[in-house]
Amino acid sequence: MKHLFRSKLFKNFFSILILLVLVKFLWFVVEMIWLSPTGIGHAEEVGNKSLYYRVKLTPNEAPAPVKKQPTKIAGSIKDIRLLAIYNSEDTTVITVEYKQKSKVLARGDEINGFILEGAGNNFATFSKDTKTYRIDLIKSKRSSSSRSSIKSTSKVSPLSSKKSIKVKGEVTDAGDHKIVDRSLLDHYANNMDDIYKNIGIKEIKESGKIKGFSITFVRRGSPFAKLGIKRGDMIKSINGKEINSYNAAFETYKNIQNIENLTMVIQRGKEEMELEYEIN
Amino acid sequence: MQMVKNIFITFIVFWFALLLFMPKQELYFTLEKELAKQDIEINEQSINEGLFSLNLIQPVIYVKGIKIATIEKINIFTLILNTNINVKSLILDDSLKSFAPEKIDVANISYSLFSPFKVNIEAKGSFGFIEGRANLNERSLRLDFNETTKELDSIRSNLQKDEKGWYYETSF
């Protein structure tokens, strides 16, 4: 009698089939228990553009007159006498005598048109326009001879000598707002690492969501220090756009070269402040 | 002998079935979820599942919500013991061109279970040819730039040099 099927072949085929079904079942179980049936779609943030851009209404795009502030030439560095210094890693506080009154200044504070940039063991450095000035502590008995104008920031003191790259452009204080040279802005727009050499920024999260970005340090003598931002400030919005995600921050950074004015809302302690900049 | 032959055939069939029935898309989705925990997101236009591979068409990579790169195609091919990821035409976001080469024509990342801590990387682009390896145990990455091209100038500040030439090294 001739067999219709070769039983061995059939058996082998059947075994392979069972094996295939087993593997399929195995994967099915894995899929059901551990694997995700759907992927994660990235939702592009809508409305990435700033809420507003402040525009100049002057005709023909004439450059805004550079306010070199002749009004601020009022005082001389010689009117300021350094009485005491408190200097730690993150805080610099000095006591000065000005017009026969003593005043306590923190880094970034202004007196007689001079901005406190930093302090060493027995001296403090101030900046005004492009120049940096050094005042020695009055007790060091070198007061009269040691006041000197230092032409470049890099020569000022050991504290600011760490500044590695001299960037073209400056930040000028125009009273209610600050004027930032476009060349300075362009430099930082094209060299992101240079930003992080001068300023530290970290995210602030609240129940897992980014609330804003906080300043962890501002390098003394850097253009960022002249922008008026301080350690501990939290950046909340720029030109009306909330900075509540890395994407929002990065989008602003990417478009920074196209803006002419910038309004930054920061939170300093419990107070909310608005900082205004004009890009020139 | 027959026994060995049977075991061998069973093994091969099992292996083949394992690869064939592997839920590649779901495995990829799981990988996507794991990456999302590290703030890395991949948004692809479409996914094509092959017999032994998975193709991601026009994926866009986001890190912390920031668009980092756009890729024409990623092909993931696995034989379980050996996995290859082939990346075709990766274009980095404009703003990152000072950190890394702007365009990578082809990149190949290979991983083998025989050396479980080693990942080999090869890439080719306008910057020349890159050869590198990542050590998962030491959590380090080294990329050697085998050619010195003009393109390298923009990222040279991030590179180091030894007797072999320019290289990039980092830990993760």
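The values are calculated or read from the model by the stated rules, or taken from the named source; none is laboratory data. Just so it is clear, the model here is predicted, and its values are computed rather than measured. Methodologically, a virtual Cβ is constructed for each residue, glycine included, from the backbone with ideal geometry; neighbour enumeration extends over all protein chains shown.
Quick notes
- A single entry from B:I57, B:I42 fulfils the requirement of being at pLDDT 90 or above, in contact with a Lys or Arg (Cβ under 9 Å, 6 or more places away or on another chain) and either more than 30 Å from A:L17 (Cβ to Cβ) or surrounded by 15 or more Cβ atoms within 10 Å (Cβ to Cβ) (or both): B:I57.
- Test for B:E72: is it over 30 Å from A:V21 (Cα atoms) and of a type outside the set (G, A, S): yes
- Which listed residue, of B:A100, B:A107, B:A123, is within 14 Å of chain A (Cβ to nearest Cβ) and surrounded by 15 or more Cβ atoms within 10 Å (Cβ to Cβ): B:A100
Residue-by-condition table, conditions (1) modelled with pLDDT of 80 or more; (2) not in a loop (DSSP other than H, G, I, E, B):
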site: A:T38; (1), (2): yes, no
site: A:A43; (1), (2): no, no
site: A:G47; (1), (2): no, no
site: A:S50; (1), (2): no, no
site: A:S102; (1), (2): no, yes
site: A:F126; (1), (2): yes, yes
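Here's the yes/no breakdown for (1) under 19 Å from A:A225 (Cα atoms); (2) aromatic (F, W, Y); (3) in contact (Cβ under 8 Å) with a residue 12 or more places away in the chain; (4) loosely packed, with under 14 Cβ neighbours inside 10 Å:
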residue	(1), (2), (3), (4)
A:I80	no, no, yes, no
A:L83	no, no, yes, no
A:I94	yes, no, yes, no
A:A106	yes, no, yes, yes
A:N121	no, no, yes, yes
A:A124	yes, no, yes, no
A:K131	yes, no, yes, no
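- Residue-level check: of (1) more than 8 Å from chain A (Cβ to nearest Cβ); (2) modelled with pLDDT under 95; (3) surrounded by 15 or more Cβ atoms within 10 Å (Cβ to Cβ); (4) touching a Lys or Arg at 6+ places or on another chain (Cβ under 7 Å), B:E49 misses just (3).
- Residue that is nearest to the other protein chains (Cβ to nearest Cβ), among those in the range B:81-91 that are under 30 Å from A:D194 (Cα atoms) and surrounded by fewer than 18 Cβ atoms within 10 Å (Cβ to Cβ): B:I91
To keep it simple, each residue is scored yes or no on (1) surrounded by 21 or more Cβ atoms within 10 Å (Cβ to Cβ); (2) modelled with pLDDT of 85 or more; (3) within 14 Å of chain B (Cβ to nearest Cβ).
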position	(1), (2), (3)
A:I215	no, yes, no
A:K226	no, yes, no
A:K230	no, yes, no
A:N239	no, yes, no
A:Y246	no, yes, yes
A:Q257	no, no, yes
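- Boolean, B:I61 is away from chain A (no Cβ under 13 Å) and either over 26 Å from B:L20 (Cβ atoms) or outside any strand (DSSP E or B) (or both): no
- Here the range B:10-19 is the region considered, the condition is being within 8 Å of another protein chain (Cβ to nearest Cβ) and without any contact (Cβ under 8 Å) to a residue 40 or more places away in the chain, and the residue that is farthest from A:F25 (Cα to Cα) is B:T10.
- Residue in the range A:180-188 that is surrounded by 14 or more Cβ atoms within 10 Å (Cβ to Cβ), closer than 24 Å to A:R107 by Cβ and among the hydroxyl-bearing types (S, T, Y) present: yes
- Subset tally (residues that are out of contact with any Leu (no Cβ under 6 Å at 6 or more places or on another chain) and assigned to a loop (DSSP other than H, G, I, E, B)) for the range B:80-99: 5
- Search result, residues across the range B:20-46 that are within 7 Å of another protein chain (Cβ to nearest Cβ), in a helix (DSSP H, G or I) and among the hydrophobic types (A, V, I, L, M, F, W, C): B:L27, B:F29, B:A36
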